[in-house]
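The structure appears below as structure tokens.
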Amino acid sequence: MSIKEFSVDRQCMAMFRKVPEGYIAFVEGFSGANTQGTSLEEARSNIREAIALVVEANGAFGLAPMEEPQ
């Protein structure tokens, strides 16, 4: 069994909120896409990863495997 990569052609609007510990990030209406970071840059990186993991886990956007190179 080989691991396939997936491509997403959609955009999500993430919300960031400053808290005493740093920043929290979430995507409204996208269950499981939430995270935190000690800086805004870390929170941005973490939310991208969280979105990718949710999409991979539940096929939220009806993803198809990328074409194999010819």
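Read-outs: derived from the displayed coordinates by stated rules, not from any lab. Model, not experiment: these values are computed from the prediction. Note that we place each Cβ from the backbone using ideal geometry, even for glycine, and neighbour counts take in every protein chain shown.
With θ taken as phi - 60° and the Karplus curve 6.51 cos²θ - 1.76 cosθ + 1.60 applied, the whole-hertz 3J(HN,Hα) list for the range 21-36 is 7, x, 9, 10, 9, 7, 10, 4, x, 10, 3, x, 8, 8, 6, 8 Hz, x standing for glycine and proline. Summing charges over neighbours of SER39, with a neighbour being any other residue whose Cβ is under 13 Å away from its Cβ, gives -1 when K and R count +1 and D and E count -1.
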